[in-house]
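Accompanying notes for the structure given below.
The values are calculated or read from the model by the stated rules, or taken from the named source; none is laboratory data. Computed from a prediction, not measured in an experiment: that's the story for all the values here. Reconstructed Cβ throughout: ideal geometry from the backbone, glycine too, with neighbour counts over all protein chains shown.
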Amino acid sequence: MFIRNAWYVAAWDIEVPPEGLFERTLLNEPVLLYRDSQGRAVALENRCCHRAAPLHLGRKEGDCVRCLYHGLKFDPSGACVEIPGQAQIPPKTCVRSYPVVERNRLVWIWMGDPALAKAEDIVDCFWHDSPEWRMKPGYIHYQADYRLIVDNLLDFTHLAWVHPTTLGTSSAADLKPRIERDTAGNGSLTITRWYLDDEMPNLHKRVARFEGKVDRWQIYQWTPPAVLRMDAGSAPAGSGAPQGTRVPEALQFRHTSIQTPETEHTSHYWFCQARNFELDNDAMTEQIYRDVVVAFEEDRAMIEAQQKVMRQAPDRPLVPIAADAGLNQARWLIDRLVKAEAGSQA
Amino acid sequence: MFIRNAWYVAAWDIEVPPEGLFERTLLNEPVLLYRDSQGRAVALENRCCHRAAPLHLGRKEGDCVRCLYHGLKFDPSGACVEIPGQAQIPPKTCVRSYPVVERNRLVWIWMGDPALAKAEDIVDCFWHDSPEWRMKPGYIHYQADYRLIVDNLLDFTHLAWVHPTTLGTSSAADLKPRIERDTAGNGSLTITRWYLDDEMPNLHKRVARFEGKVDRWQIYQWTPPAVLRMDAGSAPAGSGAPQGTRVPEALQFRHTSIQTPETEHTSHYWFCQARNFELDNDAMTEQIYRDVVVAFEEDRAMIEAQQKVMRQAPDRPLVPIAADAGLNQARWLIDRLVKAEAGSQA
Amino acid sequence: MFIRNAWYVAAWDIEVPPEGLFERTLLNEPVLLYRDSQGRAVALENRCCHRAAPLHLGRKEGDCVRCLYHGLKFDPSGACVEIPGQAQIPPKTCVRSYPVVERNRLVWIWMGDPALAKAEDIVDCFWHDSPEWRMKPGYIHYQADYRLIVDNLLDFTHLAWVHPTTLGTSSAADLKPRIERDTAGNGSLTITRWYLDDEMPNLHKRVARFEGKVDRWQIYQWTPPAVLRMDAGSAPAGSGAPQGTRVPEALQFRHTSIQTPETEHTSHYWFCQARNFELDNDAMTEQIYRDVVVAFEEDRAMIEAQQKVMRQAPDRPLVPIAADAGLNQARWLIDRLVKAEAGSQA
């Protein structure tokens, strides 16, 4: 039911400590994350193959982890390398190991067929660790199907209604975005919104270095299962932003919003809002982070309430509107991948 | 499974604020209650037809409500009157609207076929808003099937056991009530209990204006799904109460107990205890209210515990006793209506 | 699914008060426990046959219990002896009564066919109430299938991993126990472990009366459904313990660990650790009790976590290891009894 052959985010780098064991449920599976002796992230099934004890209650020993129920020891490949009181280790004594790549401060995990995992398919989020950009990493836990969050991110009309005092301006409600679909590979959507000669949203005003009307943009690429990367900003109206000129006082942001299903009805959500100005202004970093959190909590209240209503009557039909173009395409891309995987297994 | 073609209580009038949006689940359906610009109560399905967002997180605009997820606006009939960014409104873009009548300080709602809703079928509770009576409205939430509360209200032998220090006297255990059934319309039961030359229950003693033995009555009409209206009181023994004389010092009360299913296993319960004496004695109003709450919490503890036991072994049989006459008739009336509705749909 | 024709523990004697009513769910059934006027324990179904109200909210009246919903009164055999307002008591007006035997400070209950209940089948735990032994009774509630606790108790390799600072020593991991199976009656397992010339575990050190290496033993009998009784201790190394000599300074303990299923996924657990030295040293009694609780909480954290992982993917296979010999035999004995009961009912 979930797309499996895809790179998912498992954690921010700082969530997986240098020592110690970190656990998280992803796609309904218990996953153990830790770092080997060289600091490389390792992801194993968080379930000892012997009696299903969770390995995160165990102990890291060098590159390995030992289950602290009966002492079985597993290496980073998931192979059991020690069974106390037993000389022979049958080959099936192993736990699942997941391909992991750490890049741009994110720990990416592959939950599907390991043979299909190619690191070059991981999308670029250079603003997470480039010296020219600055961000503070964020995480939210959601009591909702990750696809309801995708719906939200693919439809920017909600900015006007859910976020009138933070991210949105009233112009968001009516503006039609340009949506371009690319079906190569897992597919992607590029959504472009320009608000010309418009007001700045409050979130921009608080860090602005100029006054007056703006030309404002939100240009983002969404890739399944649930990765949104956005170029967004405000430049003085008429300064040429739509034509590609970004004057020095323009506010330029890069935004990341990524979800991974925890279960059918709960999700993980990683996000950040990077900027390329006043990099050493820690107060500004913190303020932008908090502003985004306030806006994202507005979304969460709505989406979790929506999820509850949906679960009361899961079969009641939904009535589409014109603004659904983006989310419909995202759902179509997700469903296409789920069906393709189901077909290739059959 | 629930009776649908019936008037249910949705709220006390004061629960639905002059401004703002109020939500409540009734018969497993999310319901939005609000007042239009003239103060009239409106009840809509609390689920936007677009993406199932709950409307109570939206905003009242004049007589309408706007969903604050994507901005769809609905009028009191449930019709969508605005879709941001879209000129055409397809006719199926609507939410369910429920017939509502506000009477005697209660907001009544019809959850069944709107064509069958007739305001004249709503029972009279004049003591709620008559200048000659005084009450304070009460509400309890129950973790139990509403029919277990009906059982409780239809069997007054429990007064002796559950409420020995509040509503009951020991005579309640053995006294046989007179039960009259009327099957016209949705049916009703009239239950009459007279306790002659008896003790006053504590609840009466605390507001009494005379001492000594009493002739005491509980005469109530119960109508499905779950409406109990009672004439109750104590008069000096031998002063002619059973023959219809109510001397000035007699304590006369009117009591209302009404339930509406929230889900199969949870219920709403509205109640009040009105009196026709010392109307301006606010302390007495408050004291009677609190006494009733104490007694009703005694019931709630028992009934919620009973519900838990029943859910542990739902198929274990129950053994009837003679005192069940009233509740058996009420259950028969409820079942008859449920079956009739199922039959008319088939 | 549960073994029914077996003696289960329902409570420590002190859990069932001289007056008052005590309730506990056993094998998914609500059970009422109380003492009659002579102090004898009585066990009834905690569900009035009339309307399923729980009897523990009722009132003890002499040897009987009265339901405080509608006043039905039941004697210790479960027969109804009074129905208020009704002269005749139909014979089916009764609740289930369970055979109960109080022995060695435990209240044993028989949840199966009463005709098969023989008090002589109850195992002996003389150290609970012998004047030559001293213990403090313990109880833990578990969020886990009782069989996961059985697994734990039948495999002492976990002592080295789960309890390194309390019960275990590193030698526990590799030592092979002798396991003897007796299939007579309900069957039993006798498991013998000797650690010769070994370290004392910390739990022994804290009450030791000698220093140096020890010969240490754990000899226990396990009987289904879930009763473990153990002779355990440490004697000076070479003082002849394995040959049957127990020198005066030897530390001798008797341990009891008994489980009863509450539901499929929750359990009751009674335990104690008796000693035959320094009987009047109350501080030592308390200290041993607390040390055991610390160790048992180590188990509980692991087993409840294991249960959670198992419920996430109940059908994932488990990989056996050599150390499973004991638990496999216990599971075999349990399954044999469950199947035998299913067969005799068919």
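Points worth noting:
- Selection count where residues are crowded, with 16+ Cβ neighbours inside 10 Å and either polar (S, T, N, Q) or at the interface with chain C (Cβ under 10 Å from one of its Cβ atoms) (or both), scope the stretch A:64-81: 8
- Scan of the stretch C:177-228 for residues that are surrounded by fewer than 16 Cβ atoms within 10 Å (Cβ to Cβ), in a strand (DSSP E or B) and aliphatic (A, V, I, L, M), ordered by number: C:L196
- Conditions (1) assigned to a loop (DSSP other than H, G, I, E, B); (2) small (G, A, S); (3) within 14 Å of chain C (Cβ to nearest Cβ): number failed by B:A160: (1)
- Of the numbered criteria (1) in a loop (DSSP other than H, G, I, E, B); (2) out of contact with any Leu (no Cβ under 7 Å at 6 or more places or on another chain); (3) more than 17 Å from B:Q259 (Cα to Cα); (4) of a type in the set (A, V, I, L, M), the one B:M1 fails is (3).
- The set of residues from the stretch C:230-240 being touching an Asp or Glu at 6+ places or on another chain (Cβ under 8 Å) and either aliphatic (A, V, I, L, M) or crowded, with 16+ Cβ neighbours inside 10 Å (or both) comprises C:S234, C:A235, C:P236, C:A237, C:S239.
- Hits in the stretch B:144-157 - residues which are assigned to a helix (DSSP H, G or I) and within 14 Å of chain C (Cβ to nearest Cβ): B:R147, B:L148, B:I149, B:V150, B:D151, B:N152, B:L153, B:L154
- Residue within the stretch B:31-54 that is aliphatic (A, V, I, L, M), assigned to a loop (DSSP other than H, G, I, E, B) and within 25 Å of B:L116 (Cα to Cα) present: no
- Of all residues in the stretch A:281-323, those satisfying the criterion of being in a helix (DSSP H, G or I) and at the interface with chain B (Cβ under 8 Å from one of its Cβ atoms) are A:A301, A:M302, A:A305, A:Q306, A:K308, A:V309, A:M310, A:Q312, A:A322, A:A323.
- Residues of the stretch B:17-30 satisfying the condition of being part of a loop (DSSP other than H, G, I, E, B) and under 16 Å from the mean Cα position of the chain (by Cα): B:L27
- Total residues in the stretch B:320-337 satisfying the condition of being out of contact with any strand residue (DSSP E or B) (no Cβ under 9 Å at 6 or more places or on another chain), β-branched (V, I, T) and free of Cβ contacts under 8 Å to residues at least 60 places away in the same chain: the figure is 0.
- Being assigned to a helix (DSSP H, G or I), over 21 Å from C:F2 (Cα atoms), in contact with a strand residue (DSSP E or B) (Cβ under 6 Å, 6 or more places away or on another chain) and not basic (K, R) is a condition met by no residue of the stretch C:136-143.
- Here the condition is being outside the structural domain of A:P54 (by TED's automatic domain parsing) and more than 15 Å from the chain's Cα centre (by Cα); of A:S97, A:S130, it holds for A:S130 alone.
- The residues of the stretch A:39-63 that are within 11 Å of another protein chain (Cβ to nearest Cβ) and either of a type outside the set (A, V, I, L, M, F, W, C) or in contact (Cβ under 8 Å) with a residue 40 or more places away in the chain (or both), listed by number, are A:E45, A:N46, A:R47, A:C48, A:C49, A:H50, A:R51, A:P54, A:L55, A:H56, A:G58, A:R59.
- Candidate set: the stretch A:96-130, residues that are in a strand (DSSP E or B) and among the hydroxyl-bearing types (S, T, Y); chosen: the one surrounded by the most Cβ atoms within 10 Å (Cβ to Cβ): A:Y98
- If the condition is being free of Cβ contacts under 8 Å to residues at least 24 places away in the same chain, part of a loop (DSSP other than H, G, I, E, B) and surrounded by fewer than 21 Cβ atoms within 10 Å (Cβ to Cβ), then the stretch A:241-279 contributes A:G244, A:T245, A:R246, A:V247, A:P248.
- Test for C:E199: is it at pLDDT 85 or above, in contact with a helix residue (DSSP H, G or I) (Cβ under 8 Å, 6 or more places away or on another chain) and charged (D, E, K, R): yes
- Condition check for A:G85: within 14 Å of another protein chain (Cβ to nearest Cβ), out of contact with any His (no Cβ under 6 Å at 6 or more places or on another chain) and surrounded by 22 or more Cβ atoms within 10 Å (Cβ to Cβ): no
- Conditions (1) without any contact (Cβ under 8 Å) to a residue 60 or more places away in the chain; (2) among the aromatic types (F, W, Y); (3) touching a Phe, Trp or Tyr at 6+ places or on another chain (Cβ under 7 Å); (4) crowded, with 21+ Cβ neighbours inside 10 Å: number failed by B:Y142: (1)
- In summary, A:N281 fulfils each of the numbered conditions (1) touching a Pro at 6+ places or on another chain (Cβ under 7 Å); (2) within 28 Å of A:N104 (Cα to Cα); (3) at pLDDT 95 or above with the single exception of condition (1).
- Within the stretch C:294-317, the residues that satisfy the criterion of being modelled with pLDDT under 95 and among the hydrophobic types (A, V, I, L, M, F, W, C) are C:V294, C:A295, C:F296, C:A313.
- Any chance A:R40 is buried (at least 20 other Cβ atoms within 10 Å of the Cβ) and either charged (D, E, K, R) or modelled with pLDDT under 95 (or both): no
- Any hit, the stretch C:92-106, residues being out of contact with any Cys (no Cβ under 7 Å at 6 or more places or on another chain), under 24 Å from B:V319 (Cβ atoms) and within 12 Å of chain B (Cβ to nearest Cβ): yes
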